Amino acid sequence: MSQRDWVVEHIRKYRESNGADGHIWQGVDGSQNLPCLLLTTTGRRTGAVRTTPLIYGQDGNRYVIIASRGGTPTDPVWYGNLVANPAVQLQVGPNQFAATARTVMGEERAKLWSMMAEIFPSYNDYQAKAQATREVPLVMLEPN
């Protein structure tokens with residue numbers, strides 16, 4: 001199964017089960033228990049609505065995600081979309097709501113990065129891999 005296929009399947013199961021199947025994601029190899037939300041952005045060029053499942057952390061009532069793209073040299077498409085249009089939709093388990101996205105910098109980023117690396121330690125590897133071309137963005141999603 002290609003990456004695109006398992007992502008599409010994850011989104012389908014998440015939506016059809018109202019988050020019961022997919023909110024806690026087992027990871028690609030099935031060995032992890034990772035909290036996962038669905039982020040829906042609007043395409044900055046096409047205006048098309050796009051949904052991406054992402055590992056998340058929480059800071060109070062806000063949600064934190066990382067635009068790692070596995071440490072590749074470029075940001076994921078969804079990140080460019082939310083920078084251009086920070087109004088997004090989230091599904092966290094059964095809860096669906098609007099939120100506003102912002103990129104986190106400085107001391108706040110360092111604190112939240114540590115929290116996210118505890119949830120998914122591979123984020124540190126991804127940042128090391130991407131270091132030559134970019135700082136991996138950390139995004140705060142604030143419910144409206």
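Just so you know, all these numbers are worked out from the coordinates, no wet-lab data involved. If you're wondering where the values come from, they're calculated on a predicted model, not measured in any experiment. Every residue, glycine among them, receives a Cβ derived from its backbone with ideal geometry; neighbour counts consider all protein chains shown.
When the distances between all Cα atoms of the chain are binned every 10 Å from zero, what whole-number percent does each bin get?
The distribution over the chain is 12, 42, 40, 7, 0, given as percents.
Around Ala130, what is the net charge, scoring Lys/Arg as +1 and Asp/Glu as -1 over all other residues with Cβ under 15 Å from its Cβ?
It works out to a net charge of +1.
Bin all alpha-carbon pair distances of the range 1-78 at 10 Å intervals from 0 and give each bin's fraction as a whole percent.
16, 48, 33, 3
Relative to the Cα centre, what is the charge dipole magnitude of the chain, using +1 at the beta carbon of each Lys and Arg, -1 at the beta carbon of each Asp and Glu, and rounding to the nearest 20 debye?
I would put it at about 460 debye.
Lys and Arg at +1, Asp and Glu at -1: add these up for the other residues within a Cβ distance under 14 Å of Arg62 and post the number.
0
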